[in-house]
Each structure stands twice: as C-alpha cells, then as structure tokens.
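First the structure, in the form of structure tokens, and then the observations on it.
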Amino acid sequence: MARVNADPNARAAGDAPAAYRVAESADVAADAVIGDGSSIWHLAQLREGAHLGRNCIIGRGAYVGAGVRMGDNCKVQNYALVYEPATLGDGVFIGPAVVLTNDTYPRAIGPDGTLKGADDWEAVGVTIETGASIGARAVCVAPVTIGRWATVAAGAVVVRDVPAFALVAGVPARRIGWVGEAGVPLTEDAPGRWTCPRTGRHYTETEGVLSLEDE
C-alpha cells in the first residue's frame, strides 16, 4: 500500500524519496503531490494539482479538490468535502462531513436555462490558518478565513471571517468564547485578560482581537 511520491522535490529525512500510503480504493490524480508520511484512506479522492504537506491524513470518502493546498500535519476526517481553491495551514483539523464551499452564488443553469460549465463561474475558496479546527458537519461558506487556532463548533455555518483563537457556534456562526492552542476554552481572569487552564499561557483581548502575551 505504500507508494513513492512522484514529486522529485519532495524528500524525507536523509534525502530519500518521500513515501506515503494510499488505499487501493482511493482515487489520486497523477499530478497530486503528497508529503512524506501522509495517508490517503479508502474511497478518498485527491484531485489534480492538489498539494498535501507531510504527515497529513485524508479519511475514508473525503474529497480534496483540484489545486487545494494543505500544510503539514493536517487531518481531513471521513466524508469531508474540501472544494478548490481552499488553502489549509499547518495542523488544521477538518471534522467528519465538513463542507468547505467554493461558489458564492451557486446555480446549475444560467438565466437562459443552459447547463453551466466550469467557465461560467469563478471559484472562491476558504482559507484556514495554522492549528484551526472545524467541527463535524460544519459548513464554511466561501470566501471566508478561519484564523489560527480558532475552533468552529460542530454543525455551525460560517458566513464571515473568524478571528484567531475564537470559538464560534450556531447558524450563522457567532463567537461564543475564546480557545487556546490546546483547544479548550480560555478563562477570563480579569477584563481583557485570559488564561488557558491546560497550558497556563496568557492572552490579551483588545477590541475583539486576542493575542498571546508572550509573542
């Protein structure tokens, strides 16, 4: 089940060809680039020009669209749909059955009743920054950006940008709190000052923007 990455520029430690795993039932385009240590599981589809970093996991039945770019250590869980031209940073989590859309005004046909083709619309993408997580069955309606280390709750519908470290939920999604890198909700120690109960790191909130105090 192990294959060698066709990208001659992709190398593992010691300059050996980068190896990855692809299930026999997966559909992977010949020009897709898959980083060392990544796994593409049963019935998943990886389209033309998609680019995965190292140690990524694409779950059963997941779809990764043409030209989608994904950083290292990402997880795309079962039956998630990542439509092009989505961009995922390092360490992004995409939960089961999540949908990242790519059409602002979707229509199957034009005003004249004819079937729309690839040239009849311009794809717009979802951008997800480092460490962010999208919960099961959430929908991110492009174009939106999910900030670093943010968390989108299961079943949420995101229609506007999500700030870094924000916890959003609902339809449409609204911020209901803040989370740290560990993913757990932060505790407010004083007005505008937050602490992660797991890591002990401190954050400062200024006009709706959260930042680490030691950065």
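Some values worked out for this structure:
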| quantity | calculated |
| --- | --- |
| Among (1) out of contact with any Asp or Glu (no Cβ under 7 Å at 6 or more places or on another chain); (2) surrounded by fewer than 20 Cβ atoms within 10 Å (Cβ to Cβ); (3) at negative phi - the single one GLY110 does not satisfy | (1) |
| Within segment 73-91, considering residues that are charged (D, E, K, R) and part of a loop (DSSP other than H, G, I, E, B), the one farthest from VAL159 (Cα to Cα) | ASP90 |
| Matching residues in segment 145-172 - criterion: being under 13 Å from VAL98 (Cβ atoms) and out of contact with any Gly (no Cβ under 9 Å at 6 or more places or on another chain) | ILE146, VAL158 |
| Filtered residues of segment 67-114 (kept if in contact (Cβ under 8 Å) with a residue 24 or more places away in the chain and among the aromatic types (Phe, Trp, Tyr)) | TYR83, PHE93 |
| Candidates ILE94, ILE40 - the one that is out of contact with any helix residue (DSSP H, G or I) (no Cβ under 9 Å at 6 or more places or on another chain), more than 27 Å from VAL159 (Cα to Cα) and hydrophobic (A, V, I, L, M, F, W, C) | ILE40 |
| Strands (runs of 3 or more DSSP E) completely within segment 115-215 that count 3 or more residues being surrounded by 17 or more Cβ atoms within 10 Å (Cβ to Cβ) and either over 19 Å from the mean Cα position of the chain (by Cα) or in contact (Cβ under 8 Å) with a residue 12 or more places away in the chain (or both) | 126-128, 144-146, 166-169 |
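For (1) surrounded by fewer than 20 Cβ atoms within 10 Å (Cβ to Cβ); (2) over 10 Å from the mean Cα position of the chain (by Cα); (3) not small (Gly, Ala, Ser), each residue gets a yes or a no:
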{"position": "HIS42", "(1), (2), (3)": "yes, yes, yes"}
{"position": "GLN45", "(1), (2), (3)": "yes, yes, yes"}
{"position": "GLU48", "(1), (2), (3)": "yes, yes, yes"}
{"position": "GLY53", "(1), (2), (3)": "no, yes, no"}
{"position": "MET70", "(1), (2), (3)": "no, no, yes"}
{"position": "ALA86", "(1), (2), (3)": "no, no, no"}
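Each value in this text was obtained by applying a stated rule to the coordinates, not by laboratory testing. This is a predicted model, so every value here is computed, not measured. Please note: Cβ atoms are built from the backbone with ideal geometry, for glycine as well, and neighbour counts cover all protein chains shown.
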